[in-house]
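Notes follow once the structure below has been shown.
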Amino acid sequence: MNRKERLLAAIRLQQPDRVPMFDFLFQQPMYEALIGRRPESYNGPDAVALALALDHDGVWLPFGGYTGFKPKKLDEDTYVDEWGTTYRHNASSWPIDAPIDYPIKSRADLTRYRPPDPTLPGRLSELEAARDMPHDNLALLAGVQGPFTTAWMLMGYEQICYALYDDPEMLVEIFKISNEYFKEATRLCVQAGCDGIWLADDLGDSTRGFVKLDLFRKYVLPYIAELAEYMANLGVPVLLHSCGHIKEYLPDLAQTKISAVHPLQRTAGMDLRWVKEHYGHRFCIIGNIDSSRTLPFGTPEEVAAEVREAIDIAAPGGGYVLASDHSLHDGIPVENIITMFRVGREYGGNFYQ
């Protein structure tokens, strides 16, 4: 199998020739160590080069900003993006900064709000750059965000919590704005040649889901399901990235067109063996190598043991992709990253023999 065939086989719950590998490549020192350069911003060519250096089978390529756009600078480290959200950059936030202020604080703000145009030129630049360069059949996985994440970026979590009780229809309107934008984004990504879509929608913290189950089912789930169905109907698999404890949401997510779940965060109590036993017939499982403890603080031997354990639990019968339980981020020694994927290649390479 080539890289794309291997990854897509696992996503389809088939048994590939070896355990596929993937990760979100969010650490500049890793780029410098493995491909000899430190990108100023996340970009398709460097991500492809690093994915190949790590022997991955897929690479994440975000749907991005438009040609010529420059964020409004408030000071050296603070800026406002095209959605109106205010971000602050710091030394450890690469490549995704954290929001500190939000454009929608009231229904009056929502009435005046106008979302960006997804069809502006340049949004597909990283996907197109990766597509048009030699990439050894890497699966090109476009990245968009889900409705709950959009609401978070536009309102903040505190305002979401108030709105769920005081004005849930305000949230629904934002979910509709988000889906309208990202449906078009997805259509453009598929038209440009992507092989799958990452739907990023963090739904939980380290102990529980962000929204009570009844409210999740009533207000959030319908828009995740609608977006996933639209994506799947375009002919590509939908891969859900959702950090945190989402165990109570899995029965409902299993009724959608989502094909894979990521990252099964260990520090949030997402037990790999339990998920494989109960949902391995329904979802491809991606992740579960501890990026909070083992990868940053463990020895290479401990990393290797955790990789072998995850493969033993989740790879039987297919439907598992080796990855961290979040991303390859600052604070993880490059040696441990190299160890993780070397063991994945060696142990996962022999697993189905």
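Below is a table of values for the structure above.
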read-out: Boolean, residue 259 is modelled with pLDDT of 95 or more, crowded, with 21+ Cβ neighbours inside 10 Å, of a type in the set (Gly, Ala, Ser) and under 20 Å from residue 4 (Cα atoms); value: yes
read-out: Selection from region 231-250 of residues that are in a helix (DSSP H, G or I), touching a Phe, Trp or Tyr at 6+ places or on another chain (Cβ under 9 Å) and not aliphatic (A, V, I, L, M); value: 247, 248, 249
read-out: Checking residue 90 against (1) out of contact with any Asp or Glu (no Cβ under 9 Å at 6 or more places or on another chain); (2) surrounded by fewer than 19 Cβ atoms within 10 Å (Cβ to Cβ), the condition it does not meet; value: (1)
read-out: Hits in region 67-87 (condition: closer than 25 Å to residue 198 by Cα, buried (at least 16 other Cβ atoms within 10 Å of the Cβ) and either in contact with a Gly (Cβ under 8 Å, 6 or more places away or on another chain) or free of Cβ contacts under 8 Å to residues at least 40 places away in the same chain (or both)); value: 81, 86, 87
read-out: Single residue of 240, 199, 203 found to be more than 22 Å from residue 12 (Cα to Cα), out of contact with any Lys or Arg (no Cβ under 9 Å at 6 or more places or on another chain), in contact (Cβ under 8 Å) with a residue 24 or more places away in the chain and buried (at least 19 other Cβ atoms within 10 Å of the Cβ); value: 203
read-out: Failed condition for residue 183, given (1) under 23 Å from residue 113 (Cβ atoms); (2) touching a residue at least 60 places away in the same chain (Cβ under 8 Å); value: (2)
read-out: Breaking point among (1) touching a Leu at 6+ places or on another chain (Cβ under 8 Å); (2) more than 20 Å from residue 65 (Cβ to Cβ), for residue 176; value: (1)
read-out: Single residue of region 313-337 satisfying the filter (part of a helix (DSSP H, G or I) and in contact (Cβ under 8 Å) with a residue 60 or more places away in the chain) that is nearest to residue 55 (Cα to Cα); value: 337
read-out: Residues of region 42-63 satisfying the condition of being within 17 Å of the chain's Cα centre (by Cα) and either exposed (fewer than 15 other Cβ atoms within 10 Å of the Cβ) or under 20 Å from residue 329 (Cβ atoms) (or both); value: 42, 43, 44, 47, 48, 51, 56, 58, 59, 60, 61, 62
read-out: Region 157-172, residues that are buried (at least 18 other Cβ atoms within 10 Å of the Cβ) and farther than 21 Å from residue 225 by Cβ; value: 159
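The values are calculated or read from the model by the stated rules, or taken from the named source; none is laboratory data. Only a predicted model underlies this, so the values are computations on that prediction, with no experimental measurement involved. Positions of Cβ are backbone-derived with ideal geometry, glycine not excepted, and every protein chain shown enters the neighbour counts.
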